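Q: I have a structure I would like to understand better, so I am pasting it below and will then ask my questions one at a time.
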Amino acid sequence: SDWAVDLLLKLPLAEPPRVTILHVVDLDPRTLHLISPPLARPYTIELRKRIDRSVTEAERYTARAADRIRRRWNDVRTVVETGFVANAIIAKAKAERADLIMLGARGLGEVKGVLLGSVSQKVAAYAPCSVLLVKKIVRRVTNVLVPVDGSRYSRGVVTSLRSYFLPDTIQPTILFVWEYPLRPPPPSVSALQANYQKMIVKAGFQGNALVVFGRAAQRIVEIANSTNVDLVVVGSRGLTGVKRFWGSVSRKVTMDSPASVLIVRR
């Protein structure tokens, strides 16, 4: 979460944001019916004390974070709630009609390459708005990778960059991965690159377009790693329920990308 605050302060945002710093004190998942009756009352009392201490610590932490952000922007407030963390974040975003959720991705788990914790995964899948998953500390946000697949959703991501970032502060690279078994002739590749290059210019940015071959998710992650990008921007198709996890390629990129990932919705 410190990384998320740090990245927010470095984002070249197009407009001053209204920031809500939310800290959710996680409720103990165990329920009283699992506790023997003689222990139920002392258990409840001790749990209440523990939650109260956590709330006090959360208030101190959010106040410190707010002080850092107010050095750049004034419209900052803090909120401390109790509940199940992912559910509370999603509910707050809906209630606030948030444009963007930023949160750290802790990368819990023993399987190498699984870079998202359970809270991050759930928020990424079910949030009503765009989500920025912060995976590492960056000195600045300049080099932005934008994978596209030719759909209107991915084209909309390129257009939406201008609503997020100042055009003269970032250099986006549009990446198209050709997955088909037959490679197109060189003139077709050049035409495809030129088309995406025009899209960058039309959006008001100075950047480049790249067409590569291979399996889409794997190549996107490899290029994000080898070029040391600051941010990967992917589009969401805005579906509901489990289908909202925006397709296998985008989901895998979000899970495995070494760089922070902005998932654009709406």
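The values are calculated or read from the model by the stated rules, or taken from the named source; none is laboratory data. Computed from a predicted model, the values in this text were never measured in an experiment. No Cβ is skipped: glycine too gets one built from the backbone with ideal geometry, and neighbour counts run over all protein chains shown. Accessible surface areas use protein heavy atoms only, side chains included; no ligands, DNA or RNA. Shrake-Rupley method; radii C 1.70, N 1.55, O 1.52, S 1.80 Å.
Q: Kindly indicate whether R162 is part of a helix (DSSP H, G or I), within 18 Å of the chain's Cα centre (by Cα) and surrounded by fewer than 18 Cβ atoms within 10 Å (Cβ to Cβ).
A: Numbers: part of a helix (DSSP H, G or I): yes; within 18 Å of the chain's Cα centre (by Cα): yes; surrounded by fewer than 18 Cβ atoms within 10 Å (Cβ to Cβ): yes.
Here the answer is yes, as R162 does meet what is asked.
Q: Do we find that R140 is open to solvent by 80 Å² or more (accessible area, probe 1.4 Å) and under 23 Å from N225 (Cα atoms) in this structure?
A: Yes, satisfied.
Q: A further question on this structure: Would you pick out the residues in region 165-188 that are out of contact with any Pro (no Cβ under 7 Å at 6 or more places or on another chain) and assigned to a loop (DSSP other than H, G, I, E, B)?
A: Of everything in region 165-188, those that are out of contact with any Pro (no Cβ under 7 Å at 6 or more places or on another chain) and assigned to a loop (DSSP other than H, G, I, E, B) turn out to be P167, D168, E179, Y180, P181, L182, R183, P184, P185.
Q: Scan region 222-232 and tell me whether some residue there is touching a helix residue (DSSP H, G or I) at 6+ places or on another chain (Cβ under 9 Å), at pLDDT 90 or above and part of a helix (DSSP H, G or I).
A: Yes.
Q: Test N74 against the criterion of being assigned to a loop (DSSP other than H, G, I, E, B), open to solvent by 50 Å² or more (accessible area, probe 1.4 Å), out of contact with any Leu (no Cβ under 7 Å at 6 or more places or on another chain) and without any contact (Cβ under 8 Å) to a residue 60 or more places away in the chain, and give yes or no.
A: It is true that N74 is assigned to a loop (DSSP other than H, G, I, E, B), open to solvent by 50 Å² or more (accessible area, probe 1.4 Å), out of contact with any Leu (no Cβ under 7 Å at 6 or more places or on another chain) and without any contact (Cβ under 8 Å) to a residue 60 or more places away in the chain.
Q: Working only within region 170-184, note down all residues that are at pLDDT below 90 and out of contact with any helix residue (DSSP H, G or I) (no Cβ under 7 Å at 6 or more places or on another chain). Before you say what the answer is, go through the steps one by one.
A: Residues of region 170-184 at pLDDT below 90: 179-184.
Listed by number, the residues that qualify are Y180, P181, L182, R183, P184.
Q: Would you check which residues across region 21-49 are modelled with pLDDT of 85 or more and either touching a helix residue (DSSP H, G or I) at 6+ places or on another chain (Cβ under 6 Å) or assigned to a loop (DSSP other than H, G, I, E, B) (or both) and list them?
A: Passing the criteria: I21, L22, H23, V24, V25, D26.
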